[in-house]
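Values in this text are rule-based calculations from the coordinates and carry no lab data. Being a predicted model, the structure only gives us computed values, none of them experimental. Here the Cβ positions follow ideal geometry from the backbone for every residue, glycine too, while neighbour counts run over all protein chains shown.
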Amino acid sequence: MKTLHDFELKQRKYMPVFPKAIGKPTGYIEGYPSEDENPMPAGEFHGMQMQSLFDQFLRYFQAHPYVHVSMDNFIYYREGDIRKVVGPDVYIVLGAAKLPLRRSFYTWAEGTVPTAVFEFLSDATASEDRHEKVEVYLRDIGVAEYFIHQPDMNRPIEFRGWRRDASDNIIEIEPETDGSIFSASLNLYLRWELQEAWELRLLRPYLPDGTPITTSMEEHHLRIEAEELVEAEVERRQAAERLTREEAERRQVAERLAREEAERRQAIETELERLRAQLADRETESE
């Protein structure tokens, strides 16, 4: 349990600071479709990666009421033009109210735009994700950072990120020596790890000190392990207390036996003294 407490302390330490959005949370605006004809992810690699990263971000920002984390829904970024829409795999909006849940995200109603956007490459959309969407997300919409990742191990490795610099130029973010990319807006490192059993490159976030942000399943296992450790510690203490009690009882028995032996010896000595005295009296009388 100490580990979980330590993570909560780190979470508060590394949480980014940001202003609250000036708009109003808007679940749905009539006339802007919230579904398309292809609602399914591009494949299991795509779907598992989306769900995993969404779950980690959702859990990490759960305690903050003004961080909205979403997955695979529409972002409309120009009022009155339903063609100005994108549907990123995962995105985070710092400053936007967590609730209510939205069918789509309308930037003009919310008074803010997504902070970080993630797209996971598929054969059908990879070219657009690498090129056109860089301009759309960073220039047209104004997101702070945009990332793409190839989760399929059967495809070449590709993990890249872009942001705007102080002169408003779009630049690619330089990766670290270990291949990770630092998200300045989220104050998190992003790095993929191999899941060979699934043939998956799983992109996941880490705190600046290298602590991984766990998934719900990992957190569940950690809690079970923590509970098992606590139970084992309780059993160990109970066993130690039982041994202490047994040892105390053994000492008490030994002390009682020692007292009884001392009393028996004292009784023998007393009886010997009495007999000696009696013998001495008889000898005196015989003289």
Open item on the list: Suppose only helical runs count, i.e. DSSP H with n ≥ 4. What mean residue ellipticity at 222 nm does that imply for the chain under -39500 (n - 2.57) per run, divided by all residues and rounded to the nearest 500 deg cm²/dmol?
Closed with: -13500 deg cm²/dmol
- [ ] Report the residue, chosen from ALA267, ALA63, ALA97, that carries the largest GNM mean-square fluctuation when the chain is represented by alpha-carbon nodes joined by springs under 10 Å.
- [x] ALA267
- [ ] State the extension gain, in nm to one decimal, for the chain segment bounded by ARG103 and GLU246, taking 0.36 nm per residue of separation less the distance between their alpha-carbons.
- [x] 44.9 nm
TODO: Compute the Kirkwood hydrodynamic radius of the range 2-214, taking the inverse of the mean of 1/r over all pairs of distinct Cα atoms, and give it in Å to one decimal.
DONE: 17.7 Å
- [ ] With a point put 7 Å past each Cα toward its Cβ, work out how far SER167 is from GLU135 in nm, to one decimal.
- [x] 2.0 nm
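Between ALA197 and GLU158, take the C-beta separation as r, use R0 = 30 Å, and let me know the FRET efficiency to the nearest 0.05.
Calculated transfer efficiency: 0.90.
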TODO: Between TYR28 and ARG265, with labels modelled 7 Å along Cα→Cβ, what's the label distance in nm to one decimal, could you check?
DONE: 9.5 nm
Open item on the list: Starting from the 7 Å offset along Cα-to-Cβ, what nm value, one decimal, do you get for the label separation of ALA63 and LEU229?
Closed with: 1.8 nm
Open item on the list: Can you find, among PRO19, THR211, VAL253, the residue sitting farthest towards the positive end of the charge dipole of the chain, where Lys and Arg contribute +1 and Asp and Glu -1 at Cβ?
Closed with: PRO19
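Work out the length of the dipole vector of the chain about its Cα centre, built from +1 on the beta-carbon of each Lys and Arg and -1 on the beta-carbon of each Asp and Glu, and round it to the nearest 20 debye.
1140 debye
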TODO: Show me 141-153, 270-282, 64-76 ranked by packing, highest mean number of other Cβ atoms within 10 Å first.
DONE: 141-153, 64-76, 270-282
Open item on the list: Defining a contact as two alpha carbons under 8 Å apart and six or more residues distant in sequence, what relative contact order in percent does the chain show?
Closed with: 15 percent
Task: Rounded Å value of the spacing that divides the Cα centres of the range 152-182 and the range 241-287 - done: 89 Å
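Between ASP178 and TYR14, what FRET efficiency comes out of the Förster formula 1/(1 + (r/R0)^6) with R0 = 22 Å and r the beta carbon distance, rounded to 0.05? Show your work: numbers first, answer last.
Numbers: r = 19 Å, r/R0 = 0.85.
Using R0 = 22 Å, I get an efficiency of 0.75.
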Open item on the list: Just to be sure I follow the rule: in the chain, considering lysines 8 or more places apart or on different chains, how many pairs have Cα atoms under 24 Å apart?
Closed with: 10
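Provide the gained length on full extension for the span GLU273 to SER286, in nm with one decimal, where the gain is 0.36 nm per separating residue minus the Cα-Cα distance.
2.7 nm
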